[in-house]
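The values are calculated or read from the model by the stated rules, or taken from the named source; none is laboratory data. Computed from a predicted model, the values in this text were never measured in an experiment. Cβ sites come from the backbone with ideal geometry, for glycine too, and all protein chains shown count toward neighbours. We work out accessible area using only protein heavy atoms, side chains counted, and drop any ligands, DNA or RNA first. Shrake-Rupley method; radii C 1.70, N 1.55, O 1.52, S 1.80 Å.
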Amino acid sequence: MIHSIFFINNSGDIFLEKHYKRVIPKSICDYFFEEVTKNSSPENVPPIIQTPNHILISIYRAQMHFVAVCKSEVPPLFVIEFLHRLADIIKDYFDEVSETSIKDNVVIVYELLDEVLDNGFPLATESNILKELIRPPNLLRSLADTMTGRNSTVSATLPTGQLSNIPWRRSGVKYANNEAYFDIVEELDAIVDKFGGAVCAEVHGSIDCLIKLSGVPDLTLSFVNSRLIEDASLHPCVRHRRFEVERLLSFVPPDGGFRLMAYRASCHGNLPVPLDLRHTISFKQASGNSGHLELTVIPRPPSGRQLEDLVLTVPMPRAVSGASLVASAGKYSYDTASRTLVWTVGRLDSQKGAGSPTLCGTLVMQTGAPVPDCRPSILVSFSITGWTISGLKVNRLDLHGEKYKPFKGVKYVTKAGKLEFRT
Amino acid sequence: MSNGGFQPYNSPMDQLGLPPPDHASSTGSQDGDRGTRSSAADPAGSAFFSGDFKKHDDLRAMLESSKDSQKLEAMRRIIAMVAKGKDCSDLFPSVVKNVVSKNSEVKKLVYVYLTRYAEEQQDLALLSIATFQRALKDPNQLIRASALRVLTSIRVPVILPIQTLALQDAVSDMSAYVRKTAALAIPKIYSLDPETKPQLMGVIEKLLADKTTLVVGVAIQAFEEICPNRIDLIHKNYRKLCELLADVQDWGQVVIINMLTRYVRTQFLDPAQQNQKQERQNPLDPDHELLLRTVRPLFQSQNAAVVMAVAQLYYHCAPPGYMNIVIRHLVRLLRASPEVQSCVLTSLSALSASSPHLLSGHLKCFYIHSTDSSSVKLVKLDILTNLATDSNFPVLLRELQAYVSSPDSELASAAVRAIGRCASQLPDTTDTCLNNLVSLLAKKDESVVAEAIVVIKKLLQVQTSDHSHMIVDLARLVDGIAIPRARASILWLIGEYCDRIPKIAPDVLRKFAKSFLEEEDQVKLQIVNLAAKLCVCNPKQARLLAQYVLNLAKYDQNYDIRDRSRFLRPLVLPDPSVAEPTLLAGKRVKKILLAPKPAPEVQSRFAEKSPFQLGSLSHLLNLRLPGYQALPDWPAEQPDSSVRAVAAPAPAPSSMAAYSRGGPKEQKSKQKQQQPAEASLLDFGPTNPTAAPAAPSKSTSRPVDPFGLMPDDLLLLPTPNRMYSLVNKYSASGLQVDYSFPRTCLASGRIALSLVFTNHSSAAMRHVTLQHAAGPALQPPEPIDTLEPGVNTTRQAEVAWGDSTTACQLLLRWDNGAQEIRASVQPPVGELLAPVTMSAQQFTAESGKLKGLNEEKGRLPEAASQLSDSDLAEAVRSSANLVAVSGAPTGQLWFAGRSCASRPIPVYVALDRQANLLRVHCEQMTLGSVLHRDLCSGIAAAASKK
């Protein structure tokens, strides 16, 4: 299916390649670079590029392109999902996906690449299994290895999980402190039109877990208001029948961090967007070569909560060459290369009566350029902890199959997903 | 030296404990002082330098050192270079030596290196093969599997036989992981030599029957790559696949579902069509429904590829009512990564073109965010336009207007085009759209204005009502517009409708005649057109201008323009000297130039139903790619649905015919037939309990041979009824139990056991039961209520031996549990087999595949020479449940069979009288050798009886 994989960084350097069938020369990537130069930003590179004899399927993640070369019919999502899984595995191993983390651990990455695919077909992609086959770098472990004289990051025995009926879980897990953490993160996707009405709004949530439990724990997570969950996608460990019938999550978890469930929250009626924005942006003023900008944030957080990490981003047209503004809270910056105005407001304390932070001032227009006739959108990001916008709440978490009492933690966060105000 | 730290690459000699200044000259002497510890540095530092020969020499020295840590370090550096794409093939000889290393990481890295370079260094690669062959027999399954992986990844044609042999061994390996590796190896061998296809097909067939979730996914992948059209291989496994699907790894799920989509399209009737014919009846085949039911939970997979696979299965194979679920889950995928989003949108766009009503409820999901990538924006716009209806048009138009003022000019122009498409799709809205487009003309963004003009032009062409005021507006705008396409469009409009704006048109022509030389080619062409049209309609005002323009065009640099002028001139400005022919044309010239023109069609990219499977790469690119398996049309007639039945009620007719000749035993066989509730389910057909086929005899010349008359037929001999003792009367206070093997092969590896209970005591025995204590599962015999003294009763039992000869521990109780005794049954290997009838050709072909280690060869016992062919055949048959192959050459006796396990292993026995040889071919070496021994002793015993 997948013939070769190339890792390419933003400056067009192929820094890692792995071939699963016959070697395909690097020059195949020239077609890819052609597309990169055609498109203004790397995000715009089409994921599927057709060349005379091959098809390049790529993803862009963490300033890198992961390019897979295919020769024949293959489900495109299969390859895309695989490349994302690969990036996830790398992230799981080295805590971050980045060019440096890959270059620093090039041998382990190469070993991983050898293990995840055989002849172009996925072999082992569960990071619990992989970690038993190829051990991730770990300071403590490398110290221990030095003392004991062991010298191999490759295991000599097959991980037992491979053959068990819970292949996602590592065997023989032991912790001194048994802990289970659940992060329920909801993201608000919305477009607000220039009059302040929501054109469309949706809430998507996910439950990410960090489970450090010994043995083979069997967990049951139930919700107070499970009817809010719609269109869920479940980790393979979740028992599907029980979810369908009882609307609860019953599962034997993998060890470590994973995404248990993603869902769309059903929100009939109006969604409360927790802030309002007043804006005037004009690129033409009577006096000379400058435009005017005024932004006011009116926070509307739920009672007792605060808006945090509030950032407003305004991509400006090319003709805006600079900005001289005054921010009543936080600070702003204008990136002249990408022509983006970023206003980092930070935390908004509603109790203190700080009111509504504003950003106002003039925009410097390029001399000679025609006055742009477009309306930029304002992208907003924020987070509110301890609250879910849909109101979803965990009822209880039960542990079966093991005797100990684990420490359980649930965290609720609401964030802005793709939240956009049109002007 | 310890492995704790690694040296920076540029001074590897430090690691060897040598003083740095010497390091160029002392590459060979790595036995120096190893006391010093190297300083810690990153094991695979990013600083790897290009292949300098001296440096490679260092690596060579390290590889040849006796320390694992140095070898490992060297291998890590080499692999880092390979990863970078640098050529390291010159190190091959040094690396390949380390294939025997005990250190698992060194070994792993050497394996990785080998697969990369073996093709370039074929001769040297052969040095490693022996190591792999040894590793294939290792007790550790991971080592076996990785040896197989690497062995089959080495693309060297010479070792193809070794690879095939290893593959055939691995297919019946105990470990599912090894079998999985074997399945993955099939396409590798196939790509090395497509001639191996027939052999690989056998392997695939075997793997398809595998019941482990680990194996089925990859087995189907191998099937898809080697023989995707052999749908018949799937029949028997269809239900199993449906049941296992939920537990298979996500990648396997995608492959299986895609394959089953094609399967469903060939084996079941179109549910959509049936609905029309017979209402209210459940039209779905139970197997069809089974698949849809078992696949449905996978809609909730976290893997987008699985969701898409399920969606396309439902789209292509489910009754129409299910489409809402499909759409809902596809829309859910839009939240995933941008790449997934882009692929899913393409599929949705195809759906929105063919059946917009399905998506109408999800209109808002396709609203464009300013952060979407440009291709996503365009596809979303396409979908939005496809979904436009009269009722949602106002909302949609407002949305499209927002896009028009987006800073992304590509999106803005696309939005203008979308408005135009809405107008042509929904005739009622055309006026609103036109007004909107005209208002856009006041915009400052030129590309938007230009696009608007082009769209207006198209719309006016469709529109029948009078729009002269709009054309006048456009004519006024033309000076301010620089984009050639827009200017050309305006000129075309003025020319086409010049009779409606008689005052303005000549003036426009005048202006453009003036600027003719500065215009772009496409504008020039339109000026020429306009001049010609005006000249025909309004010769009084335009004739001179037209002449001027045509003259300019005549000498233009572009040949298209020159051609156009040459073509138009005699039509509109006929040369008075050449009278007749042009005059004729002159009368019709108005009809020629101002003929009503067909309106251009504005369509979505997927307006025509794509013939490709939804979600496939071919569908996405709208191009048939190699390896694409076309989705078959639904069959017109219901194909035989019993082919999927794994539990056949009666034996296959062909084998029945053969058995029915066993006249004398027929009656008895009927009785027995009722006994095994589930008869054999396997292709080979079961043997009849009492009338098993026997050896044919080639020695027709012998008058003593009672079967000589029918040399090539399957002759029937009574089943050798060898009795074994389970419990004897002395140890069990009078109860004696004997057992024999009636040679009925039952489903899923169970062997039938016929038990004879005899009461030798003087008192009646009550409630005699036989229960399972340990070992393979037992289907216990019916209890005997009362066993009178001196009476014997026969009971049947089944034991799931599969192909192991593990003893089955039993617990015999009677007199209501007062008496109890333990016993055990262990079957001779020969009883674990079932006969398989086949032709001599098949036998030669099949047994030829099982050579080498799979062949147990030995001398026939001396005594065999005293026996006739038929005696010999009987001797073989009494020791093993095999059937003779008809048509074997003279002097040879061939027998074929298979194990009764759920995954049958074929067994072939050949006796060669001339060479005095007995050969047993069987994949499982232990089974083969034990059978060989049993056969030898059986033959010797038969001879001694004579």
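Scanning for something within 14 Å of another protein chain (Cβ to nearest Cβ) and in contact with a Ser or Thr (Cβ under 7 Å, 6 or more places away or on another chain), does region B:253-261 turn up at least one residue? No - not one qualifying residue is present in region B:253-261.
Here A:His204 meets each of (1) modelled with pLDDT of 90 or more; (2) open to solvent by 30 Å² or more (accessible area, probe 1.4 Å) with one exception, condition (2).
State which residue is farthest from the other protein chains (Cβ to nearest Cβ) when the search covers only region B:129-185 and only residues that are part of a helix (DSSP H, G or I), more than 20 Å from B:Ala222 (Cα to Cα) and among the β-branched types (Val, Ile, Thr). Applying the filter and picking the extreme gives B:Ile129. For A:Glu34, the conditions (1) more than 10 Å from every other protein chain (Cβ to nearest Cβ); (2) assigned to a loop (DSSP other than H, G, I, E, B); (3) among the charged types (D, E, K, R) all hold with the exception of (2).
Restricted to region A:367-423, and to residues that are without any contact (Cβ under 8 Å) to a residue 40 or more places away in the chain and in the same structural domain as A:Arg318 (by the TED database), which residue is farthest from A:Arg305 (Cα to Cα)? Give the steps one after another, and end with the answer.
Of region A:367-423, the ones without any contact (Cβ under 8 Å) to a residue 40 or more places away in the chain are A:368, A:373, A:403.
Those left that are additionally in the same structural domain as A:Arg318 (by the TED database): A:368, A:373.
Working: A:Gly368: 48, A:Asp373: 39 Å.
Among those residues, the one meeting the criterion is A:Gly368.
Is it true that some residue in region A:225-233 is among the acidic types (Asp, Glu) and within 14 Å of another protein chain (Cβ to nearest Cβ)? Yes; the residues of region A:225-233 include at least one that is among the acidic types (Asp, Glu) and within 14 Å of another protein chain (Cβ to nearest Cβ). Residues in region B:58-98 that are within 28 Å of A:Ser27 (Cα to Cα), part of a helix (DSSP H, G or I) and within 14 Å of chain A (Cβ to nearest Cβ): B:Met75, B:Arg76, B:Arg77, B:Ile78, B:Ile79, B:Ala80, B:Met81, B:Val82, B:Ala83, B:Lys84, B:Ser89. Assess whether A:Glu115 counts as being free of Cβ contacts under 8 Å to residues at least 24 places away in the same chain, in a loop (DSSP other than H, G, I, E, B) and at the interface with chain B (Cβ under 10 Å from one of its Cβ atoms). So A:Glu115 does not fit the description; no. Of the residues that make up region B:119-139, is at least one free of Cβ contacts under 8 Å to residues at least 12 places away in the same chain, among the aliphatic types (A, V, I, L, M) and either crowded, with 22+ Cβ neighbours inside 10 Å or within 29 Å of A:Ser155 (Cβ to Cβ) (or both)? Yes, region B:119-139 contains at least one residue that is free of Cβ contacts under 8 Å to residues at least 12 places away in the same chain, among the aliphatic types (A, V, I, L, M) and either crowded, with 22+ Cβ neighbours inside 10 Å or within 29 Å of A:Ser155 (Cβ to Cβ) (or both). Go through (1) part of a helix (DSSP H, G or I); (2) within 10 Å of chain B (Cβ to nearest Cβ); (3) open to solvent by less than 20 Å² (accessible area, probe 1.4 Å) one by one and return the number of the condition A:Phe7 breaks. The single condition A:Phe7 does not satisfy is (1). The residue pairs whose first member lies in region B:334-347 and is of a type in the set (A, V, I, L, M) and at pLDDT below 90, whose second member is open to solvent by less than 10 Å² (accessible area, probe 1.4 Å) and not in a helix (DSSP H, G or I), and whose beta carbons are closer than 8 Å, counting only pairs six or more residues apart or on different chains, do not exist in this structure.
Taken over region B:101-118, residues that are in contact (Cβ under 8 Å) with a residue 12 or more places away in the chain, within 16 Å of B:Leu63 (Cα to Cα) and facing chain A (nearest Cβ under 9 Å) amount to 7. The set of residues from region A:200-216 being in contact (Cβ under 8 Å) with a residue 12 or more places away in the chain and either within 14 Å of another protein chain (Cβ to nearest Cβ) or over 22 Å from A:Asn128 (Cβ atoms) (or both) comprises A:Ala201, A:Glu202, A:Val203, A:His204, A:Gly205, A:Ser206, A:Ile207, A:Asp208, A:Cys209. Just one of the listed residues (A:Leu219, A:Leu234, A:Leu228, A:Leu260) is open to solvent by less than 20 Å² (accessible area, probe 1.4 Å), without any contact (Cβ under 8 Å) to a residue 40 or more places away in the chain and hydrophobic (A, V, I, L, M, F, W, C), and it is A:Leu234.
Would you say B:Val448 is in contact (Cβ under 8 Å) with a residue 40 or more places away in the chain and either part of a helix (DSSP H, G or I) or open to solvent by less than 40 Å² (accessible area, probe 1.4 Å) (or both)? Against the criterion (in contact (Cβ under 8 Å) with a residue 40 or more places away in the chain and either part of a helix (DSSP H, G or I) or open to solvent by less than 40 Å² (accessible area, probe 1.4 Å) (or both)), B:Val448 qualifies.
Residues that are open to solvent by 30 Å² or more (accessible area, probe 1.4 Å) and either under 12 Å from B:Ala880 (Cα atoms) or under 43 Å from the mean Cα position of the chain (by Cα) (or both) within region B:912-935 comprise B:Arg919, B:Gln924, B:Met925, B:Thr926, B:Ser929, B:Val930, B:Arg933, B:Asp934, listed in sequence order.
The criterion of at least 1 residues that are within 10 Å of another protein chain (Cβ to nearest Cβ) is met, among helices (runs of 4 or more DSSP H) falling completely within region B:298-409, by B:304-317, B:323-333, B:338-354, B:374-386, B:393-404.
Quick check on my filter: what residues within region A:57-72 are open to solvent by 10 Å² or more (accessible area, probe 1.4 Å), of a type in the set (S, T, N, Q) and facing chain B (nearest Cβ under 10 Å)? Scanning region A:57-72 gives a single hit, A:Ser72.
Among what's in region B:623-640 and is more than 23 Å from the chain's Cα centre (by Cα) and open to solvent by 50 Å² or more (accessible area, probe 1.4 Å), pick the residue that is nearest to the other protein chains (Cβ to nearest Cβ). I'd like the intermediate steps shown before the answer.
If we filter region B:623-640 for residues that are more than 23 Å from the chain's Cα centre (by Cα), which is where we start, we get B:636-640.
Pick out the ones that are also open to solvent by 50 Å² or more (accessible area, probe 1.4 Å) and you get B:636-638, B:640.
Values: B:Ala636: 27, B:Glu637: 29, B:Gln638: 29, B:Asp640: 30 Å.
Among residues in region B:623-640 that are more than 23 Å from the chain's Cα centre (by Cα) and open to solvent by 50 Å² or more (accessible area, probe 1.4 Å), the one nearest to the other protein chains (Cβ to nearest Cβ) is B:Ala636.
Whether any residue in region B:271-279 is away from chain A (no Cβ under 11 Å), more than 21 Å from A:Glu73 (Cβ to Cβ) and open to solvent by less than 30 Å² (accessible area, probe 1.4 Å) is what I want to check. Yes, region B:271-279 has at least one match. For region A:156-184, the set of residues classified as open to solvent by 30 Å² or more (accessible area, probe 1.4 Å), within 11 Å of chain B (Cβ to nearest Cβ) and either closer than 20 Å to A:Leu112 by Cβ or at pLDDT below 75 (or both) consists of A:Ala156, A:Thr157, A:Thr160, A:Leu163, A:Ser164, A:Asn165, A:Pro167, A:Trp168, listed by residue number.
Considering region B:189-201, and only residues there that are in a helix (DSSP H, G or I) and out of contact with any Lys or Arg (no Cβ under 8 Å at 6 or more places or on another chain), the residue that is farthest from the other protein chains (Cβ to nearest Cβ) turns out to be B:Pro198.
If the condition is being aromatic (Phe, Trp, Tyr) and either open to solvent by less than 10 Å² (accessible area, probe 1.4 Å) or in a helix (DSSP H, G or I) (or both), then region B:891-907 contributes only B:Phe895. In this entry, A:Ala327 is excluded by the filter for residues that are open to solvent by 20 Å² or more (accessible area, probe 1.4 Å) and within 13 Å of chain B (Cβ to nearest Cβ).
When A:Asp118 is tested against (1) among the charged types (D, E, K, R); (2) within 29 Å of B:Ser618 (Cα to Cα); (3) open to solvent by 10 Å² or more (accessible area, probe 1.4 Å), just one condition goes unmet, and that condition is (3). Against the list (1) more than 9 Å from chain B (Cβ to nearest Cβ); (2) open to solvent by 10 Å² or more (accessible area, probe 1.4 Å), the condition A:Glu81 fails is (1).
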